[in-house]
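A short worksheet on the structure shown next.
All of the numbers you see were taken from the coordinates with simple rules; none came from a lab. What you see is a predicted model, and the numbers here were worked out from it, not measured in a lab. With ideal geometry, Cβ positions are generated from the backbone for all residues, glycine too; neighbour counts draw on all protein chains shown.
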Amino acid sequence: MPDDDHLQKQDQAADQAGRPDAADPAARTARGRLARPLTTLRRRVDRAPVRTRVTAGALCCLGVLAFAGAQARETGGGRDTGTHPTVDTATAATAAPSTAGLPAGAAGGQGGGAPTAAPPEAAAGPVPVEAAPAEPPAIVNPGPVAGLSQVQVDNAQAIVRTGHDLGLPRRALVIAVATAMQESTLLNRASEVLPESKNYPHQGTGWDHDSVGLFQQRTSSGWGPVAKLMDPAYASQRFFEALLRVPGWQYLRLTEAAQAVQVSAYPEHYARHEAQAEQVVAAIKPTDR
């Protein structure tokens, strides 16, 4: 049975015969490493029973086949030196663009894979309806206007508001304001002749019989109780009710319509306040709503 020295002599003979691996020390070393255990195995087989020898022979054949395969890798398309290029996983992860969080198909880059469909748009909910802008109030307080004080404008506003609530046209409002300008200078006056009138909010007093309020209406003539006539809204309502009873009042001159209600000793004096009354009403009621 050949020993290690015998195998070395065979290797030297092979080198001299010009084997492909003769000049390659690495190949000889690998072959030597494989030969040593085979030699030891053959020595043990010689001392073993027949069945063991058969098994050992099979193992020897497998060892030879493995050695032949190693030789083929060394001599064919480049030798396997046993070293393999390593990849720095950290570097590779940095160099490769991250595709985390991208939709499927987006990681292919330009030209990579089939184009992905755009995500479906969310179902449109009900379209909110914008609220229409609020209309400005029909009656406003413009502050002092047309030479009047704030107190006088407040009283004029009470007259205009009452007529507006009754649904009367602008012409009726102008007649009422002009009448109050003539009768009380748009001040809610009490009467010195009627002391009771001074028990209610008032802005000055007068001496014309028992006439009270913005329109100087007389309780003795049936206009109403003193307490109510001192209320600008009630006094205005009573004036409008009387105006509406005048036939064709809307076609009369302002002073004629006012005189038909008031029965004044100075019927033409109402006309002097018409232009100013129109200006005041326009400021308090800018539109015809």
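All other residues whose Cβ lies under 15 angstrom from that of VAL246 are scored, Lys and Arg at +1 and Asp and Glu at -1, for a net of +2.
With a simple spin-label model that places each label point 7 Å from the Cα along the Cα-to-Cβ direction, the separation between HIS209 and GLU196 comes to 1.7 nm. Of the peptides 154-161, 244-251, the ranking by mean beta-carbon count within 10 Å, highest at the top, reads 154-161, 244-251. Using 0.36 nm per residue and subtracting the Cα-Cα separation, the extra length available between GLN279 and GLN150 on full extension is 44.9 nm. Highest mean packing first, where packing is the average number of other Cβ atoms within 10 Å per residue, the peptides 142-148, 228-234 line up as 228-234, 142-148. Dipole orientation for region 150-284: of the candidates GLY167, ALA277, GLN217, GLY167 has the Cα lying most toward the positive pole (charges on Cβ; Lys, Arg +1; Asp, Glu -1). Shown in residue order for region 223-240 are the 3J(HN,Hα) couplings computed by the Karplus curve 6.51 cos²θ - 1.76 cosθ + 1.60 at θ = phi - 60°: 6, x, x, 4, 4, 7, 5, 7, 8, x, 5, 5, 4, 5, 4, 5, 5, 5 Hz (x for Gly and Pro).
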